[in-house]
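S.K.: Can you keep this structure in mind? I'll have questions shortly.
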Amino acid sequence: GHRATKCMMSIAYLDGINPSIIIGRGIYHRIKIEAWDFSANTLTKRWAWDSSPNGVASTYASQGNHNLSVGDVDGDGRDEITYGAMAIDEYGKGLYSTTFGHGDSSHLADINPDIPGLENFSCFETANGTTRPGLALRNASTGAVQWASWTSGDIGRCMTADIDPNYKGMEVWGSDGSGLRSCIGALISTTLPTTSGNGATYNFGVWWNGDVQRELLDRTVITKWNGTGTDRIATLYNLAPISDNNSTKSNPCLMADILGDWREEIIYRRSDNTGMVVFVTPFQTNQRMYTLMHDPNYRLAVAWQNMSYNQPPNLGFYF
């Protein structure tokens, strides 16, 4: 069904200069990805990649998510495509496959600033506790696992954001029961950040107030981790008649720094679908920072927000 035919699209600077259109389809079985260039009103295919050449599955088959990420994972100025549990290089060749299988959430960012380059933090729905972890933080260039939570079962959600100033790097957590952890896997708290109704939040991080820690966006409310629990700082649904998207994923239509003050604006649809509502932070800040859209990893992440399970855009450096 839709899992094989649903298309996911983004932009990648495969030559480091010009944007190419990336189109991928397939999640649970065969996966195909193509790169197209547009110039002088003409589309030209740059390359085509297949996880199962001639119908024979490789280690790259069945590794897709309901989303993808684009970013320069090896620092050569050209973008690679991270497609679930595997990655494709700028030339349309396989970069690596973890063989960890399908998951719903994946985050590409400089999660551990003490290790050069970007990391990918993901959860996996077919974790078996031995060859397939429930959560894994991996080197985004090689696929090498920095640390993992070797739980089993359907680990459906995970999140990463710098929410605790007492720990360097971005914090990570997931629905495997392992708690809130630092970027090196150290346990911070067995209590997870929460959202409306006090349910655990695995949805979006948002730079909303005046400090450099990220707040959390889920179920049309914004909350903030205080070190031991979660405080609510904005109830957006009380400010306007809005609805989120994608059922349990509770996604906004878009969240991005569209105004350029480094905090992020949040866009939801009106509940009657007659328009859209843009929420802007009321907080002033003394923290200077150029617009987040200047960062290539962040800007490309905004470009792939059309995915069915869109994920929060992340910077390519540690803020």
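S.K.: What net charge do the residues around Leu43 carry, taking every other residue with its C-beta under 15 Å from that of Leu43, with Lys and Arg at +1 and Asp and Glu at -1? Don't skip to the answer; put the middle values down first.
M.R.: Working: positive: Lys45, Arg46; negative: Glu34, Asp37.
Residues close to Leu43 contribute a combined charge of 0.
S.K.: While we're here: Does the range 198-319 come out rounded, prolate or oblate by the C-alpha gyration tensor, with a ≥ b ≥ c the root eigenvalues, rounded set by a/c under 1.5 and, if not, prolate when a/b is larger than b/c and oblate if not?
M.R.: Working: a/c = 1.44, a/b = 1.17, b/c = 1.23.
Note, shape of the range 198-319 comes out rounded.
S.K.: Further, regarding this structure: Beyond 21 Å, what share of the Cα-Cα pairs of the range 83-169 is found? Please give it as a whole percent.
M.R.: Summing the P(r) of the range 83-169 above 21 Å gives 29 percent of all pairs.
S.K.: Let me ask something else. Just the isolated ones, please: cysteines in the chain lacking another cysteine beta carbon under 4.7 angstrom.
M.R.: Cys7, Cys183, Cys253 - these cysteines have no disulfide-compatible partner (Cβ-Cβ under 4.7 Å) in the chain.
S.K.: Right, another one. For Met293, Met159, give the ranking by accessible area with the largest first, probe 1.4 Å. Spell out each step's value before the answer.
M.R.: On the way: Met293 45, Met159 0 Å².
Solvent-accessible surface, decreasing: Met293, Met159.
S.K.: Moving on to the next point. Provide the solvent-accessible area of Lys168, counting protein heavy atoms only and rolling a 1.4 Å probe, rounded to the nearest 10 Å².
M.R.: Ignoring ligands and nucleic acids, Lys168 comes out at about 120 Å².
S.K.: Where does the range 6-72 land on Rg/Rh, using Cα atoms and the Kirkwood Rh? Intermediate values should be presented prior to the final figure.
M.R.: On the way: Rg = 12.8 Å, Rh = 12.8 Å.
Here the Rg-to-Rh quotient is 1.00.
S.K.: Of Ile266, Ile111, Ile21, which is the most mobile in a GNM of the chain whose springs link Cα atoms less than 10 angstrom apart?
M.R.: Ile21
S.K.: Please check: in the Gaussian network model of the chain (C-alpha springs, under 10 Å), which one of Arg219, Arg299, Arg288 has the largest mean-square fluctuation.
M.R.: Arg288
S.K.: So what does Ile163 come to for accessible area, using a 1.4 Å probe and Å² rounded to 10?
M.R.: Approximately 0 Å² for this residue.
S.K.: Where a ≥ b ≥ c are the square roots of the eigenvalues of the C-alpha gyration tensor, would you call the range 70-125 rounded, which needs a/c under 1.5, or, failing that, prolate if a/b is larger than b/c, or oblate? Provide the component values of the computation, followed by the final result.
M.R.: Working: a/c = 2.20, a/b = 1.15, b/c = 1.92.
The shape class here is oblate.
S.K.: Can you give me the solvent accessible area of Thr130 with a 1.4 Å probe, rounded to the nearest 10 Å²?
M.R.: Accessible surface of Thr130 is approximately 100 Å².
S.K.: I need the Debye-formula profile for the range 130-222: one equal scatterer per C-alpha, no solvent, reported as log10 I(q)/I(0) at q = 0.19, 0.21 1/Å, two decimals.
M.R.: Results for the range 130-222 at q = 0.19, 0.21 Å⁻¹ read -0.94, -1.11.
S.K.: Can I ask one more? For Rg and Dmax of the Cα atoms in Å, the choices are (i) 18.9, 58; (ii) 25.2, 82; (iii) 21.9, 70; which was calculated from the structure?
M.R.: Entry (i).
S.K.: Then there's this: Mind giving me the FRET efficiency for Leu239 and Thr191? R0 is 25 Å, r the Cβ-Cβ distance, nearest 0.05 is fine.
M.R.: On the way: r = 28 Å, r/R0 = 1.12.
For R0 = 25 Å, the calculated efficiency reads 0.35.
S.K.: For the range 214-285, what class follows from the C-alpha gyration tensor (a ≥ b ≥ c being the square roots of its eigenvalues): rounded when a/c is under 1.5, otherwise prolate if a/b is larger than b/c, else oblate?
M.R.: Working: a/c = 1.90, a/b = 1.28, b/c = 1.49.
It comes out oblate by the Cα gyration axes.
S.K.: Could you tell me the number of lysine pairs in the chain with C-alpha atoms less than 22 Å from each other, where the two lysines are 8 or more residues apart or belong to different chains?
M.R.: Close lysine pairs found across the chain: 9.
S.K.: Can you tally the net charge around Thr142? Count Lys and Arg as +1, Asp and Glu as -1, for every other residue whose Cβ sits under 15 Å from the Cβ of Thr142. Can you show the working numbers first?
M.R.: On the way: positive: Lys93, Arg138; negative: Asp72, Asp74, Asp76, Glu80, Asp89, Glu119.
For residues surrounding Thr142, the net value is -4.
The values are calculated or read from the model by the stated rules, or taken from the named source; none is laboratory data. Because the structure is a prediction, the values reported are computed rather than measured. Don't worry about glycine lacking a Cβ; one is built from the backbone with ideal geometry, like all the others, and counts go over all protein chains shown. The protein model used for the area step is the full one, side chains on, heavy atoms only, and it has no ligands, DNA or RNA in it. Shrake-Rupley method; radii C 1.70, N 1.55, O 1.52, S 1.80 Å.
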